[in-house]
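What follows draws every value from the coordinates through simple rules; no lab data is involved. Note that the structure is a prediction, hence the values are computed from the model and not measured. Glycine also receives a Cβ, built like all others from the backbone with ideal geometry; neighbour counts cover every protein chain displayed.
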Amino acid sequence: MLKKIIMGLLLVSSLFGVDLIKKEAKQSDGKKTKFFSGPKSLFSFRFADKFFKYSTAYASFSLNAPRYQDDRFAIIGGLSTGQLEVKRDERELKPDFQTSFGLRKVGRFQYEPKRGVKSAGKGGTWYDGNEKNANESATFGPVKGWEYLIKWSEGRQWGDDYLNQEYWLRYIGNWMMVKVGMTELGLEDIHYTHADLRVHLTPEALGNKFHVSVGMKHRNHPVYGFDAMVLDTTWYRGEWWKFAEKAFGIDDNMWFDPTMLDENEEWVHQQLYEYDVETGELVPIEGDGPYWNEGGEYWGHDWLWRDEEGNIFAYTDREYFLYHFPGMLEEYIYDVKTGLGNQNETSLVLGLDFYHYGDNWWIHGWGNWLPIHYGHDMHAYHNAAHYRKHKKDNGKPHEFEFKDAMWHDWNDYDMGAIFGVKIQDNLGVFAEGRYLYYWERPAYDIKLGINYQFMGF
């Protein structure tokens, strides 16, 4: 939804303005007066030209050879004879790829390389969607006015499909900053929309290198911070097999050994033994296993499990519980979380930005701290923070009591820095990175390097 809003803002900004035509008129004294006029019904391209000027649109596609993986082998028969029948399953090695699209107008800091068609071939590079510009997450850019970023990429990395999206629209004024946007990091499973409003101060005594900002930030995001035991208590507090039948649409049915029933149709409990090859003795089998009760006695019956189509996929409760139930439960809880919808929080945000550029070294750093938050919804993170404390105090999940909408303190933050030094004309070092920590979910990328250019021998 926010993507549509931002795209709409860009389109509206470009289409609906007054067509101001510069004209000149002679006054009675012979002087010329410049003024702007024009039919209000005309669409303005003057604003559109200013709004989109120096922006860059790009699209790209890349394809890489997949990571090699050996074939898989499966045993399909011969368990009773010892002459195993083995099936080779050749892995389908899908290549890594990335498809990217973007539209950006973001002020370029002095340390950044020039990009785009105009700069390509002249020491600059193309935009291809692989850029990880750390300063795109900086609170303030190098220029005032409107800036925007539309960045979309879909791909596959080491067999994992992902979708990354980032959209934002920002205005920087003399004393305020406003920004709306959406971020989705597919591999890190972080997805949120946000609206940021701040006042900022740039002290002249510090050479206008610092930005100090304070304001409010509203975020909308999926349910984070709750585990399966508090989102749904029915699966572990009641009879798990009844839960499985109802939640997963499957069915269990008892099978039994008729020889294990006495004349009164009651189960005959028998002790199982194993043969000790060293002593030649029969040793009782301990523990609880398939077909056994808790005393290690053979019951001669168990339950088989059928899927929705009536096919058997597990012959015992133990087999089902160990190898099938966890995956089914994970999908069930995912659907539960998705069904709860997005949650809303409004947070106090404090920011600090610093930028210095010199001929031989430069540094650009920024950070934002969100210490206190107002959770609007039942499953907003203020309750997740309460639940985290509840678990720390050894509280049981089903005893947790959700709080109403309220203020709560926890630490969310994001930061980044770019640093470069020219030690000599042909030698330099650099470091850059960014770190985001929202709702106990980290996302980061860090780069360190050294450059040396050979000048001759």
Which ³J(HN,Hα) values in Hz, rounded to whole numbers, follow from the phi angles of the range 251-260 under the Karplus curve 6.51 cos²θ - 1.76 cosθ + 1.60, where θ = phi - 60° and Gly and Pro get x? 9, 10, 9, 6, 10, 7, 9, x, 6, 8
Distance between the C-alpha centers of the range 128-196 and the range 310-341? Whole Å please. 36
Per residue of the range 57-67, what does 6.51 cos²θ - 1.76 cosθ + 1.60 with θ = phi - 60° give for ³J(HN,Hα)? Whole Hz please, x for Gly and Pro, Karplus curve as stated. 10, 8, 8, 7, 9, 10, 9, 10, 4, x, 5
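Would you mind calculating the gained length between L93 and V421 on full extension (0.36 nm times residue separation, minus the Cα-Cα distance), in nm to one decimal? Don't jump to the answer; show the numbers that get you there.
Details: separation 328, 0.36 × 328 = 118.08 nm, distance 4.28 nm.
Going from the current span to full extension adds 113.8 nm.
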Using modelled amide H (1.01 Å from N, peptide plane; none on Pro or chain starts), what sits under 5 Å from the amide H of I285, excluding residues fewer than 5 places away? L272, Y273, E274
Of the convex hull drawn through the C-alpha atoms of the range 85-131, the volume per residue in Å³ is 145
Output the relative contact order of the chain, whole-number percent, from Cα pairs under 8 angstrom with separation of 6+ residues. 10
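Would you kindly calculate the mean projected area, averaged across all directions, of the convex hull enclosing the Cα atoms of the range 306-457, in square nanometres? Write down the numbers at each step before the final one.
Values: hull surface 71.5 nm².
For the Cα atoms of the range 306-457, the hull's average projected area reads 17.9 nm².
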Can you tell me the orientation of helix 325-339 relative to the chain, as the angle in degrees between its alpha-carbon axis and the longest Cα principal axis, to the nearest 10? 40
log10 I(q)/I(0), Debye, Cα-only the range 232-307, no solvent, q = 0.20, 0.23 Å⁻¹? -0.96, -1.05
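So if I average 1/r over every pair of distinct C-alpha atoms in the chain and take the inverse, what Kirkwood radius in Å does that give?
On the way: mean 1/r = 0.0348 Å⁻¹.
Evaluated on the chain, it is 28.7 Å.
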To the nearest 20 Debye, how big is the dipole of the chain about its Cα centre, given +1 on the beta carbon of each Lys and Arg and -1 on that of each Asp and Glu? 6380
Violations at 22 Å Cα threshold for listed pairs K53/K179; K144/K447; K242/K392; K242/K389; K114/K144 -> K144/K447; K242/K392; K242/K389
Note: the range 346-397 at 20 °C, 1.002 mPa s; Kirkwood Rh on alpha carbon pairs; Stokes-Einstein D in µm²/s works out to 149
For S55, residues with placed amide H under 5 Å, excluding near neighbours: none
Normalise the Debye intensity by I(0) for the range 225-380, one equal point scatterer per Cα, no solvent, then take log10 at q = 0.19, 0.20 Å⁻¹ and round to two decimals. -1.21, -1.25
W126's amide H: which non-local residues (gap 5+, or another chain) put their own amide H closer than 5 Å, with H modeled 1.01 Å from N in plane and none for Pro or chain starts? G116
With no solvent and one point on each alpha carbon, what is the Debye value of log10 I(q)/I(0) for the range 151-292 at q = 0.20 Å⁻¹? -1.22
